[in-house]
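The structure under discussion appears below in the form of structure tokens.
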Amino acid sequence: MSYAHPTRGNTRKPFGFNRNLLPIPAEYYHEQGLKLFGGGEWKNAICPFHDDTKPSLRVRLDTGGYRCMVCGAHGGDVLAFHMKRHSLRFIEAAKALDAWEVER
Ligand SMILES: [Zn+2]
């Protein structure tokens, strides 16, 4: 006699944060008004998190990660950037970026 397995994640559609729905970093940062300089893997931009006069912010276009060499602001993706820039919580930022799937 075998035990029956409890029913888990059966028919419910997935909802919540979906990383695949995040905007493409290059398009996102452009839309946020950042001018990206440089031709390498890391782009430079004027940092929006402090009173920047020369491009101190480094942005990775593959992951969307960013780091400021002056004020130390940093994050791993465009979601982290959006949360910090607009003072949003995780879920609010995910929804603002259309990366939050709702149950239908
Ligand atoms: Zn900065």
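The values are calculated or read from the model by the stated rules, or taken from the named source; none is laboratory data. A quick note: this is a predicted structure, and the numbers were derived from the prediction, not measured. All Cβ positions, glycine included, derive from the backbone under ideal geometry; neighbour counts span all protein chains shown.
Observations on the model:
- Taking the criterion of being part of a strand (DSSP E or B) and modelled with pLDDT of 95 or more, the residues of the stretch 33-52 that qualify are Lys43, Asn44, Ala45.
- Residue satisfying condition, being closer than 16 Å to Ala73 by Cα, of a type outside the set (A, V, I, L, M) and at pLDDT 95 or above, within set Pro55, Pro25: Pro55
- Number of positions in the stretch 5-22 that are at pLDDT 90 or above and farther than 15 Å from His82 by Cα: 3
- Among the residues of the stretch 15-35, those identified as crowded, with 18+ Cβ neighbours inside 10 Å and within 16 Å of the ligand (Cβ to nearest atom) are Tyr29, Leu34.
- Across the stretch 36-66, the qualifying residues are those that are near the ligand (Cβ under 9 Å from one of its atoms) and not hydrophobic (A, V, I, L, M, F, W, C), and the one among them that is nearest to Leu22 (Cα to Cα) is Pro48.
- Residue in the stretch 69-88 that is modelled with pLDDT of 95 or more, under 30 Å from Glu103 (Cβ atoms), basic (Lys, Arg) and surrounded by 12 or more Cβ atoms within 10 Å (Cβ to Cβ) present: yes
- Some residue of the stretch 70-82 being of a type in the set (Val, Ile, Thr) and in contact with a Cys (Cβ under 8 Å, 6 or more places away or on another chain): yes
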